[in-house]
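Input: a single structure, listed below in C-alpha cells.
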Amino acid sequence: MVKLLFIMRTKNIFHKRVTTLCIILILFFVNSKLYSQIIYTDIPDATPNATFSLDLNNDTVVDFIIYFGGSASTIGVMCNPQNNNAYSGNFVNETYLPWSLSTSNTICASLATWYDFNNPGTLALGTNIGYWVGASDKYLALKLIVGTNTYYGWARIDILANSASFTIKDYAYESTPNACIQSGQNNLDITEYTDKNLISIFPNPFVASTTIQTNRNLKNANLNIYNSYGQIVKQVNNLSGHTISLSRDALLSGLYFVKLTEENNVIADEKILITD
C-alpha cells in the first residue's frame with residue numbers, strides 16, 4: 001500500500017512538472033509571436049538605369065546592390081550583397097544563380113546555400129541564363145547580418161526577357177533574429193501606397209519635440225512609431241488637419257520609424273532620429 005501511494009505521488013509530481021513545462025513552452029511561443037513582426041517596405045516601383053541600393057531594414061546602410069552586369073553585347077542583372085549579407089541560390093556552370101521564388105516559399109537557414117559579397121549572383125543574363133529571365137513578381141531570398149543577429153527577408157523584382165531592365169517593387173524582413181519568413185509575406189491587413197513626399201518632419205533629428213506637416217487633410221488618422229526591432233513604442237490616434245505635434249516623452253535616443261495611416265491605408269512613412 002505504501003509503495004502504491006509512493007508511485008501515485010511520483011506520477012502526480014511528474015504530471016504537474018510536465019504540465020508546468022508545457023505551459024511555459026506555450027507562453028514562450030505566444031510571447032515570441034507577439035514580439036515577432038515583419039517590417040514591410042512598399043516603394044514606388046523603381047526601374048533604375050544603373051543600380052538600386054537596397055536597404056532591407058531601413059537603417060540607412062546599404063545591404064544589397066542590384067545592378068547591370070555582363071558585357072556590351074549581353075547585358076545582365078546582378079545582385080551584390082554588402083558586408084556579410086547574402087542571397088540564396090545555387091552554383092551552375094561556374095555561375096552563381098540566385099533563386100527566383102514564387103509566393104509562400106519559406107526563407108530562413110533551412111535554404112540550402114547562401115552566397116555573400118565574395119560571390120555576386122547573376123539574376124539574369126541575356127535571354128537564357130539565370131532563373132530571373134522574364135520574371136514577374138518573383139522573390140529574391142535575402143539574409144541580413146546586423147551585429148551578431150541574423151535576419152531573413154525578401155525583395156520582389158521583375159526582369160525583362162532580354163535582361164535589359166529590372167524593377168524593384170517592395171521588400172520585407174522578419175525582425176525576430178533567425179525567424180523564418182515566407183516570400184511575399186508582410187503581415188499587413190491594410191493597403192499601402194507610400195509616398196514620402198506627403199509628409200515633412202522638422203526638426204529631424206530632434207531632442208524634445210518635432211512637427212510633422214502633411215499636404216493631405218487628415219481625418220481620424222493614426223500615427224505609429226516603431227523602434228528598430230519593429231515594435232510599436234508610441235501611438236497618436238484620431239489625428240485631423242495638416243499638422244501633427246510629436247513629443248518625445250520617454251523615448252530613448254536613437255532611430256525610429258514613423259507610419260501614418262488613414263482609413264486602413266498607409267499614406268506615408270519616414271524615419272526620425274531622437275538625440276540627447
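Taken together, the values in this text are just the output of simple stated rules run on the coordinates, not laboratory data. Only a predicted model underlies this, so the values are computations on that prediction, with no experimental measurement involved. Methodologically, a virtual Cβ is constructed for each residue, glycine included, from the backbone with ideal geometry; neighbour enumeration extends over all protein chains shown.
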Practice problem: Among A124, I145, N85, flag the residue with its Cα farthest along the positive direction of the charge dipole of the range 38-182, charges on Cβ as +1 for Lys/Arg and -1 for Asp/Glu. | Solution: A124
Quiz prompt | Set of the range 147-164 residues, backbone N closer than 12 Å to the point 7 Å along the Cα-Cβ line of V61 | solution = 147-151
Practice problem: Rank by packing, highest mean first: peptides 199-206, 120-127, with packing defined as the count of other Cβ atoms within 10 Å averaged across residues. | Solution: 120-127, 199-206
Quiz item: Which aspartates and glutamates have a Cα lying under 14 Å from the Cα of K219, excluding residues fewer than 8 positions away in the same chain?
Solution: E262, E263
Exercise. Please give the length that would be gained between Q82 and T51 if that part of the chain were fully extended, namely 0.36 nm times their separation in residues minus their C-alpha to C-alpha distance (nm, one decimal).
Key: 9.8 nm
Quiz item: Which ³J(HN,Hα) values, rounded to whole Hz and listed in residue order, are derived for the range 157-163 from phi using the Karplus coefficients 6.51, -1.76 and 1.60 in 6.51 cos²θ - 1.76 cosθ + 1.60 with θ = phi - 60°, glycine and proline given as x?
Solution: 9, 10, 9, 5, 5, 9, 6
Exercise. Among D55, D137, D170, rank each residue by its count of other Cβ atoms within 10 Å, from fewest to most, as a rough exposure measure.
Key: D137, D55, D170
Practice problem: Note down the magnitude of the dipole of the range 38-182 about its Cα centre, charges +1 on Lys and Arg C-beta and -1 on Asp and Glu C-beta and zero elsewhere, to the nearest 20 debye. | Solution: 240 debye
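Over 21 Å between C-alpha atoms is what I'm after, so list which of K138/K169; K234/K271; K138/K271 land there. Present the calculation step by step, with values, prior to reporting the outcome.
On the way: K138/K169 10 Å; K234/K271 14 Å; K138/K271 28 Å.
From the list (K138/K169; K234/K271; K138/K271), the Cα-Cα distance tops 21 Å for K138/K271.
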Self-check item: Distance between modelled label sites at N222 and I145, nm, 7 Å Cα→Cβ extension
Solution: 3.8 nm
Quiz item: What is the spin-label model distance, in nm, from S110 to T211 if the labels are put 7 Å beyond Cα along the C-beta direction?
Solution: 5.3 nm
Exercise. Amide H neighbours of K234 under 5 Å, at least 5 residues apart or on other chains, H built in the peptide plane: list them.
Key: I225
Practice problem: Return the FRET efficiency for the residue pair N238, T275: r is the Cβ-Cβ distance, R0 is 30 Å, and the value is rounded to the nearest 0.05. | Solution: 0.55
